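The values are calculated or read from the model by the stated rules, or taken from the named source; none is laboratory data. Treat the numbers as computed from the prediction; the structure is a model and nothing was measured. Positions of Cβ are backbone-derived with ideal geometry, glycine not excepted, and every protein chain shown enters the neighbour counts.
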Amino acid sequence: MNGLRPDLAVIAANIVPGSRVLDIGCGDGALMAALRDARAVDARGMELDSHNVAECVARGLSVIQGDADVDLEFYTDGGFDYAILSQTLQTTKRPDLVLDELLRVGRKAFVSFPNFAHWRVRASLLWHGRMPVTRLLPVAWYETPNIHHVTVRDFRELVSAKGLTVEGSWFLSGDHGISDAAANWRAEHAVFLLSR
């Protein structure tokens, strides 16, 4: 779907039309609007930032203000076909518990995150001794909302430890998809589709 951030485009392309979706950390609602308009999806959202919530509501989207760390408990078990957490996992206090909640409220869950083991991040740390500022990680360490620096390998180990099933995985370098080969080193972003 044109105009979507690359990880959101991957998610949108893999959502079954007519599904019920909860987008947690939905930002400005771009994914929800695309799913509603192009796939006839019943999309709901949760967003922490009040400005983004207002923007979503102005677009005619059903969004509430809430925090993924504490407010998912108010949703019913299996109320959605998909729960989506895009570029938000690394900002949560307990990503492991948030994953549990995603797969409680949704039959399947899409999770996307920046890979902090990407070779450019490693090289920046090695050569400059500082947390990098890049196109995809655009703010200094002290202003970033990222509190957990997750890697593809870390995420795979968490998924395995929880006994979850990976139904699909996609890896992005820049705005382009790449193969799974050495994804922990090569991918800037990762997208996983999970189920129990």
(message) Among the residues of the stretch 66-89, what is the count of those that are assigned to a helix (DSSP H, G or I) and either within 17 Å of L193 (Cβ to Cβ) or in contact with a Pro (Cβ under 7 Å, 6 or more places away or on another chain) (or both)?
(response) 1
(request) Would you mind telling me which numbered condition in (1) crowded, with 20+ Cβ neighbours inside 10 Å; (2) at pLDDT 85 or above L137 fails? (result) (2)
(message) Can you tell me which condition N115 does not meet? The list is (1) crowded, with 20+ Cβ neighbours inside 10 Å; (2) under 18 Å from I24 (Cα atoms); (3) in contact (Cβ under 8 Å) with a residue 40 or more places away in the chain; (4) of a type outside the set (V, I, T), and all the others hold.
(response) (2)
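Please pick out the residue among A43, A54, A30, A34 that is among the small types (G, A, S), modelled with pLDDT of 95 or more, more than 19 Å from the chain's Cα centre (by Cα) and over 21 Å from V150 (Cβ atoms).
Only one candidate qualifies: A54.
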(message) What's the total number of residues in the stretch 172-196 that are small (G, A, S) and in a strand (DSSP E or B)?
(response) 4
(message) So for the stretch 153-171 (the condition being under 20 Å from A123 (Cα atoms) and in a strand (DSSP E or B)), does at least one residue qualify?
(response) yes
(request) Report whether or not I64 is among the β-branched types (V, I, T) and either in contact with a Phe, Trp or Tyr (Cβ under 6 Å, 6 or more places away or on another chain) or at positive phi (or both). (result) no
